[in-house]
1. Would you work out the charge dipole size for segment 24-140 about its Cα centre, treating the Cβ of every Lys and Arg as +1 and the Cβ of every Asp and Glu as -1, and quote it to the nearest 20 debye?
2. Quick one: dipole size for segment 225-272, taken about the Cα centre, charges +1 on Lys/Arg Cβ and -1 on Asp/Glu Cβ, in debye to the nearest 20.
3. Hey, which of these cross-link pairs are over 22 Å Cα-Cα: Lys191/Lys230; Lys207/Lys230; Lys199/Lys221; Lys230/Lys290?
4. Would you count, across segment 1-136, every pair of lysines whose alpha carbons are under 21 angstrom apart, provided the pair is eight or more residues apart or spans two chains?
5. In the full protein assembly as shown, how much of Arg27 is accessible to a 1.4 Å probe, in Å² to the nearest 10?
6. Just reorder Ile123, Ile409 by solvent-accessible area, largest first, 1.4 Å probe, all chains present.
7. What's the percent breakdown of Cα-Cα distances in segment 198-260 across 5 Å bins, shortest bin first?
Amino acid sequence: IYADPAKRLELYFRPKDPYCHPVCANRFPTSTVLLRVRRRTRKKKQQLDTEGQTQPEVQFEMEILGIVTTVYKFQGMSDFQYLAMHSGPGGRQTSMYDKVLMLKPEKEEFFNRELPLYIPPPIFSRLDTPIDYFYRPDIQHREGYNNPQVSGENLIGLSRARRPHNAIFVNFDDEEIPAKPLDAAVQTWNKVCTNPVDKKVEEELRKLFEVRPVWSRNAVKANISVHPDKLKLLLPYLAYYMLTGPWRSLWVRFGYDPRKHPEAKIYQVLDFRIRCGMKYGYAPNDMPVKAKRSTYNYSLPITVKKQVSHTVSVHDLKQGLGSAGAPGAKKPPSSRYKLKESIYIFREGALPPYRQMFYQLCDLNVESLQKIIHRNDGTESECTERDGWCLPKTSDDLRDSMSLMIKQIIRSTRPALFSNTTSSEDCKEQLAYESGEEEDDEEEEEEDFKPSDGSENEMETEILDYV
């Protein structure tokens, strides 16, 4: 616990009881001294007190053992305790520990015994400190006021209402594509775009869509410097969002339909995930690209809360956060919010920054991969939802080639992992997928804004931002 600053110290009142709920202590820094105090009593030399009685001579010896830099304080309340008990006739409680706890290897009869149902809850309380809910007082209406009828407009939902960003979503099966943004998107951007910096960012994004009609959000972030919250308002102003098909999770310029242009093949998306498995010589924990999050480390009551990120209001956006930002930033204004090119470009000899990446085919800067993509140039006849303008199984061939390239990189950097594998197996065995978006290696992380701070799936996170 001491080695992990994010963990809380647990105290069990009944350590041998597996159903005992602990109390947790919070970690605090301190600068105190640890003393050893010894009390010595000498009975040989005695002295008389004021009443004439003999008293033993007492001496105290103090020694400084060290400095204490960290302390744990139990400031929370104890949780409920759920005992393995059963209420019998007459309200008599009977212990069930000897019947539900297996302390030694047991025979089949132990598991076939008839017992009362006992299912302890996994957790009782999410918090161990009292909280004021600040209930609002009842509203005092005037005489004659009647409550409105219940409808879908005034019902309280299970979650907060989504903040509208006025994006237009298009499915692959939709016949028409939008030619202009929604009026609400135009009004929102004009309301926020109040300084020359925002005008410049808008012109830069327009030029990007003129050069290339289809972009991913990460690719935009790597080419222009714009605050992420401001980009959420700018993209729906210039492009629409594809939900399904070979251009899913991408932003397409208004009026451009990639389903009608075979040259849009190079803009299709490839969902690539770094493959791993013990049969290939390395497990997920051995991969140079570390995982962003893990369910094994998820525990509610014994971890410290994370710091809440500062929310940006419309007033802050009007002040030019697109370039000015907060004082003391390390990066210059021209590249403060820019991401590295590796966030959307794949190059041979370099590891992807995440275990799951959404690449556009034109951003696979490897000659062998481009040959696979352009195998049917000039003969495209049909655009399908799975393969787009490419030949069937093109995505599978690209993933296989990219996986072999990444495996060669890992082999060159950590050859000990592949000591038991042979080269013949490398070409025959097909790697298994590992899903989930991942985070940069800690040693190479330099970006201020991550592509995702919500869902493990990048496409799902981006959709939720605009719903």
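The values are calculated or read from the model by the stated rules, or taken from the named source; none is laboratory data. Everything quoted here is computed from the prediction, not taken from an experiment. So basically every Cβ, Gly included, is an ideal-geometry build from the backbone, and we count neighbours across all protein chains shown. Only protein heavy atoms, including side chains, enter the accessible area calculation; ligands, DNA and RNA are left aside. Shrake-Rupley method; radii C 1.70, N 1.55, O 1.52, S 1.80 Å.
1. On the way: 17 positive and 14 negative charges, 142 e Å.
My answer is approximately 680 debye.
2. Numbers: 7 positive and 4 negative charges, 17 e Å.
Dipole size: approximately 80 debye.
3. Working: Lys191/Lys230 12 Å; Lys207/Lys230 18 Å; Lys199/Lys221 17 Å; Lys230/Lys290 30 Å.
Listed pairs above 22 Å: Lys230/Lys290.
4. Working: Lys7/Lys73; Lys16/Lys99; Lys16/Lys104; Lys99/Lys107.
Final tally of qualifying lysine pairs is 4.
5. 70
6. Values: Ile123 70, Ile409 25 Å².
Most to least solvent-accessible, the answer reads Ile123, Ile409.
7. Spelled out bin by bin, segment 198-260 gives 4, 18, 33, 26, 13, 5, 1 percent.
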